[in-house]
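Trainee: Dumping the structure here so I can ask a few things about it.
The values are calculated or read from the model by the stated rules, or taken from the named source; none is laboratory data. None of the values given here were measured: they were computed from a predicted structure. Note: ideal-geometry Cβ built from the backbone for every residue, glycine included; neighbour counts use all protein chains shown.
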Amino acid sequence: MKKNYCISDGIFINNSLNQSFIFFKDDNNNLIFSQANTEGSSTIIDKKVLSFSATIDENNRLHLIYLRKRGELIYCIYSEESWQKKLIGKFDINSNTYKYLTLFVHKNTINIIYASANLINLNLWTIEHIIKVHDNWQKMIVANIFSEKTVDPFYIDSDEFGNMYLVYSGKEYNNYNIYYLFFNAFTKKWTSNPTKISSSAVNNILPYLFIDSKKNIHILWYSSNNGDYLLNYKRYSSVGDTKFQWKEISLPQILGDNYPAIMFEKSNMLNIIYISQEEISNLVSNDYGNTWHMDNKTPVESYPIYLIRHYSFSSNKPQTKINHCYGNMSNSNISFYFHNIHENLKEISSNSEDAESEKIYIDNNSLQDESESIPDTDIKELEKLNFAVLEMQNQLKGLKEDMELIKSKLMDIEEKYNKRGFFSFRW
């Protein structure tokens with residue numbers, strides 16, 4: 001038997017100017033947008049919204065996708081303090097149901113991923129992926145999932161190249177299992193056969209996936225054990241004795257079945273946040289997942305608990321990455337459990353900018369002082385080295401241009417064989 005869980009979704013975005021925005025649905029299914037913790041800043045983007053997702057691109061623009069009750073799929077970009085909306089398609093709401101709308105934007109590529117099922121047969125779900133590249137929309141099936149009328153959320157993470165990593169749960173015979181899939185951003189293809197992460201001997205629910213700064217892949221989920229559900233953890237790494245293999249790592253005995261455990265990285269330390277028995281707790285690893293210890297716990301303050309999708313461009317520190325956190329949202333007010341998550345991000349932003357400017361100032365002075373004592377012969381050698389470096393940079397630039405040309409030609413060939421019937425017009 002599959003366990004059900006109750007959670008609300010919200011989105012928090014902190015841009016490079018340290019401006020914070022939140023998105024959530026109210027009790028009337030109005031999609032609310034506001035500046036975080038600023039009274040009177042809330043606006044209703046649209047009404048009768050079924051599902052939504054938002055993100056921010058490298059140019060500091062907010063992107064929003066949402067599905068209306070009548071099936072309209074609306075894409076928005078926030079520019080000059082207003083939303084530019086565009087209808088990009090229409091779903092068949094009368095025949096199908098749609099859940100877990102997810103938006104990823106990488107450079108000029110837009111990815112929209114969701115789960116759908118026919119209302120006549122809610123035991124079969126499909127994860128579908130709509131992708132926009134060079135003004136062309138394509139639709140592909142990621143996975144087919146057997147379930148019991150409801151399906152657990154899937155979770156996706158990505159790397160700096162635009163590759164995506166996905167985890168989901170699906171039923172096999174009498175039990176649910178956890179599966180992993182990979183999307184190659186260059187070929188625009190998902191792996192055809194999912195990797196089974198869990199054991200088929202027990203029931204497995206509520207998966208979560210995270211990619212850390214060392215490119216390790218982490219998957220958390222709960223599995224049944226004598227009537228309880230215990231937290232499980234596996235890691236995939238490209239280094240170490242078990243490189244390129246999924247390794248199961250022991251955790252303290254943690255019970256739970258209503259909320260997914262989540263993971264984030266802060267200052268070279270991995271954190272697992274989980275909710276169990278009216279408490280929210282934090283496990284910490286100083287060695288990227290090999291060992292874990294309890295760091296903190298606090299009572300759940302209020303309900304509903306929000307699983308908040310978290311984006312922050314205010315931090316330039318590569319060893320800090322937060323995809324989700326737990327908290328509470330109401331109108332323009334937002335609070336996080338373990339408040340130092342967000343406060344530290346602001347401090348990191350301020351400190352990193354100050355440190356960077358100080359570093360440049362010191363380095364410039366050092367270079368000026370050292371150049372006065374460099375002999376002429378050494379200066380000539382340095383000039384030769386500098387010229388050689390410039391030549392290498394030009395060669396690398398040429399190789400990069402050739403690769404982009406090859407990539408463009410491959411995409412043109414692929415587009416000829418792809419069906420383009422979902423959208424009737426270009427973006």
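Trainee: Output yes when any residue across the stretch 251-261 is surrounded by 14 or more Cβ atoms within 10 Å (Cβ to Cβ) and outside any loop (DSSP other than H, G, I, E, B), and no when none is.
Mentor: No, every residue in the stretch 251-261 fails to be surrounded by 14 or more Cβ atoms within 10 Å (Cβ to Cβ) and outside any loop (DSSP other than H, G, I, E, B).
Trainee: Inside the stretch 169-234, counting only strands (runs of 3 or more DSSP E) that do not spill past its ends, which hold 1 or more residues that are among the small types (Gly, Ala, Ser)?
Mentor: Strands (runs of 3 or more DSSP E) meeting the threshold: 217-225.
Trainee: How do the pairs read when you match residues in the stretch 49-62 that are in the same structural domain as Leu17 (by TED's automatic domain parsing) and without any contact (Cβ under 8 Å) to a residue 40 or more places away in the chain with residues anywhere that are among the aromatic types (Phe, Trp, Tyr) and surrounded by 19 or more Cβ atoms within 10 Å (Cβ to Cβ), using Cβ under 7 Å and keeping only pairs 6 or more apart or on different chains?
Mentor: Short answer, once both residue conditions are applied: Val49/Tyr66; Arg61/Tyr78.
Trainee: I'd like to check something: does the stretch 242-258 contain any residue that is under 23 Å from the mean Cα position of the chain (by Cα), under 17 Å from Ile156 (Cα atoms) and free of Cβ contacts under 8 Å to residues at least 40 places away in the same chain?
Mentor: no
Trainee: Also: For the stretch 278-299: of the residues being part of a loop (DSSP other than H, G, I, E, B) and acidic (Asp, Glu), which is farthest from Thr320 (Cα to Cα)?
Mentor: Out of the qualifying residues, it is Glu278.
Trainee: Look through Ile22, Ile93 and report the one residue that is in contact with a strand residue (DSSP E or B) (Cβ under 9 Å, 6 or more places away or on another chain), part of a loop (DSSP other than H, G, I, E, B), among the hydrophobic types (A, V, I, L, M, F, W, C) and surrounded by 16 or more Cβ atoms within 10 Å (Cβ to Cβ).
Mentor: Ile93
Trainee: How many residues does the stretch 61-81 hold that are hydroxyl-bearing (Ser, Thr, Tyr) and in contact with an Asp or Glu (Cβ under 7 Å, 6 or more places away or on another chain)?
Mentor: Residues meeting the conditions: 1.
Trainee: Can you name every residue in the stretch 21-55 that is more than 19 Å from Ile7 (Cα to Cα) and in contact with a His (Cβ under 7 Å, 6 or more places away or on another chain)?
Mentor: Thr55
Trainee: May I ask you to say which residue of Leu73, Leu87 is under 23 Å from the mean Cα position of the chain (by Cα), hydrophobic (A, V, I, L, M, F, W, C) and in the same structural domain as Ile322 (by TED's automatic domain parsing)?
Mentor: That would be Leu73, the only listed residue that is under 23 Å from the mean Cα position of the chain (by Cα), hydrophobic (A, V, I, L, M, F, W, C) and in the same structural domain as Ile322 (by TED's automatic domain parsing).
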